Amino acid sequence: MTIPSLSQVTITLTDHVATIEFASEPFNYLSVGLMQELTQAWAWADTEPQCRAIVLCAAGRVFCAGVDFRSMAAAGGDNSPQPLYQLASRLLAGKKPCIAAVQGAAVGAGLGLAMLADQRVAGPKTQFTASFAQLGFHAGFGLTATLPHVLGPHAASNLLLLGQPVRGEEALRLGLADVLVDTVEGVRDAAIARARMLAANAPQAVQDMRALLRAPLLAAFAPALEQELGAQLRHMKTGDFIEGISAALAKRAPQFTGA
C-alpha cells in the first residue's frame, strides 16, 4: 500500500517501523484536521503488512500543547471537542503497537494523545500535564480511562485533580514514561530502537496479545469519552471556565468561585 501524502503528518517506513510525525505550528495544537490525518496514517499502518510497530512523534520543541484554548475562548464555550474524541477512538483501536516519543510538553489533549500509545519515551524536557481543573473544566480525550489503565486509580486521581506537571524520574516511576533518556535528541532514537525490538518479534503474536491486553481499555474508553464530554460541555458554560481560560491567557492564578 502506498504511503499517504499528508499536509501535517509525515510517514516513513524503515525496518518494519513506521515513524509518524505530526507538525502544527507553533505548539502542535490538536485540531480536527490534524486528527483526521493521524487516523489516515493509522489506517495505512493497519493495512500495511511491512509495518509491525509505530513511533508517534512531533516536530519542534513541544510534543503537543493540547487544544488551543484561545479558539475555545473565542467560541464562547460552544466549540465542542466531540469530533476530536471520535477520532481518538479510532487511533486507540489501531492494530499495531505504538510508542510515543515525547520530547517536550504533552498538555491536556496532548497528554491524551500520548496516552493512546502503548508506551512512551521521555527526555529532560518532557512534561506531562493534565491541567484541566486549573482551566475550570473536566478532563477529556479519554484520560479518565487511559490514565487509570496505565497508572492505577490513585496516581491517575492525583494527576487529574492536582493538575501539576510530571517530569523525569517521577514520570518514569508513575509509568507515564517507560524509558527516560538523557538528551532531547535521544528521545526519538530510543523510541525507534524500542519499536524495532517489538518489530523483531512475531507480528501476529504481538498483535493478538496486545489486543487481549488492551481489551479492557477499549471497553472503558467510549463510556469515559461520553461522560467526559457531557461534563466538559456543562463546565464550558460556567463562570469558572471563563475565569480559568482568562487567567491562563493572562498568565495569572485563577480565582474560582464554583459558579
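Listing for the model above:
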| item | result |
| --- | --- |
| Cross-chain or 6+ apart pairs with Cβ under 7 Å, the range 22-47 first and in contact (Cβ under 8 Å) with a residue 60 or more places away in the chain, then among the aromatic types (F, W, Y) and part of a loop (DSSP other than H, G, I, E, B) | N28/F63 |
| Qualifying residue in the range 147-161 (condition: in contact (Cβ under 8 Å) with a residue 60 or more places away in the chain and in a helix (DSSP H, G or I)) | yes |
| From the options L180, L233, L147, L160, residue that is more than 16 Å from the chain's Cα centre (by Cα) and modelled with pLDDT of 95 or more | L180 |
| Output for the range 126-142, where each listed residue is part of a strand (DSSP E or B) and surrounded by fewer than 24 Cβ atoms within 10 Å (Cβ to Cβ) | Q127, T129 |
| Qualifying residue in the range 208-221 (condition: part of a helix (DSSP H, G or I), over 18 Å from the mean Cα position of the chain (by Cα) and crowded, with 16+ Cβ neighbours inside 10 Å) | yes |
| Among residues of the range 117-141, those that are touching a Ser or Thr at 6+ places or on another chain (Cβ under 9 Å) and without any contact (Cβ under 8 Å) to a residue 60 or more places away in the chain, counted | 1 |
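The values are calculated or read from the model by the stated rules, or taken from the named source; none is laboratory data. Here the structure is a predicted model, which means the values were calculated and not measured. So basically every Cβ, Gly included, is an ideal-geometry build from the backbone, and we count neighbours across all protein chains shown.
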